[in-house]
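Read the structure below first, then the notes.
The values are calculated or read from the model by the stated rules, or taken from the named source; none is laboratory data. A quick note: this is a predicted structure, and the numbers were derived from the prediction, not measured. Virtual Cβ from ideal backbone geometry, glycine too; neighbours counted across all protein chains shown.
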Amino acid sequence: MPMDPLPSSLPLCHALIEQTGQPFFIYDMDTGQFQYLSPKLKSSFGLEAGQLLPGDLLSFVHPEDQEFVANKFTELLTRGLDKPIEFRVQFPEKQEQWVCLSPSLQEEISRQRLLIGHAADITAERQNNDVLKKYSNKKNSILNILAHDLAGPLGMIKSLANLLTEKMRETAEEENLHILNLIERNSSHGANIIRQFTDQEFLESSQVELVTRRVNLVQKLREGLEVYLGPEGELISKRVAFNPQREVIFVEIDDNKFLQAINNLISNALKFTPDGSDITVSVAEEAGHVLVTVADTGIGIPQKYHATLFEKFTDARRPGLQGEQSVGLGMSIIKNIVEWHCGEIWFESEEDKGTTFFIRLPQE
């Protein structure tokens, strides 16, 4: 059956694009007008049929994202972009939306400069992702608190079982000694179950490919620390504080992996900080970078371990104040995660005065 002829006003490429149902656009850099908006793009952002955006596209970008988008636009003009960018837009009488933009600059023989690209509404995708990661991070924090909170009582049960065994060794029946031995072994084993679970999950997660996105790091850290800062945090008998320089600091990270690294640093601080002491997480902007610190007022790291702390199976591994065990892999994994983000990590520590870990990340 022959196809109907295409309208003379609609180029063949436009017709093909519309068949795909994808949100494409063609923008004329010189006139400041769109030459083409696909139906999918119009419907995604609630534009009326035939409506064109004015030349000042930046006015529709969320104020907190305008500098980021302007810098990316300059980068596009000078050397091109190697990956899509994500930012928020706010159209008149519309809800705030997240956009994933994949633009390409084409210069025609006539010197006409065209910005051609794909602009998808990813608002629902980001919201779903945020919820899943929020509760995943909350789960990790709760497990850390449980592991720490159980270590003390179970350690005490083990010690009391040991004491009773020694006192009753000469007079007790074999069956009673066997029961005491079971109590000792199971209390010791129970204290390690949750810790082994979180360590294994951290290990497995670190082996999954890095997937970065642009996020407000302050918001993500606050969500990750919510359990420590709330009523549940009272169980650990330490004071945990969060000190952001300001409420909005954007970086491009794999927030799930990065927050697991921060959670692991907090877990270490819990192990080596006495009850009643302080653990403080801070985040601040530097020139072109973001600095995250995790500081404690614990027992510190002996000087002899400083040089090997980030090595695999380091000799710096040691049990926590309540007997928590370590396999010596955590710090090497944290260092890998930071370096995957093109960042750097270091620490300062003095025995009996505490430890501070510093993580510096690039900020686009």
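Things to note:
- Leading residue by the ranking (surrounded by the most Cβ atoms within 10 Å (Cβ to Cβ)) among those in the range 82-104 that are in contact (Cβ under 8 Å) with a residue 60 or more places away in the chain and among the hydrophobic types (A, V, I, L, M, F, W, C): Ile85
- Selection count, the range 78-108, where residues are in a strand (DSSP E or B) and either farther than 23 Å from Val248 by Cβ or out of contact with any helix residue (DSSP H, G or I) (no Cβ under 7 Å at 6 or more places or on another chain) (or both): 10
- Among the residues making up the range 55-74, a single one is within 19 Å of Ile26 (Cα to Cα), in a helix (DSSP H, G or I) and of a type in the set (D, E, K, R): Lys72.
- From the list Phe73, Phe68, Phe25, Phe45, the one residue that fits, being surrounded by 17 or more Cβ atoms within 10 Å (Cβ to Cβ) and either modelled with pLDDT under 80 or in contact with a Cys (Cβ under 9 Å, 6 or more places away or on another chain) (or both), is Phe45.
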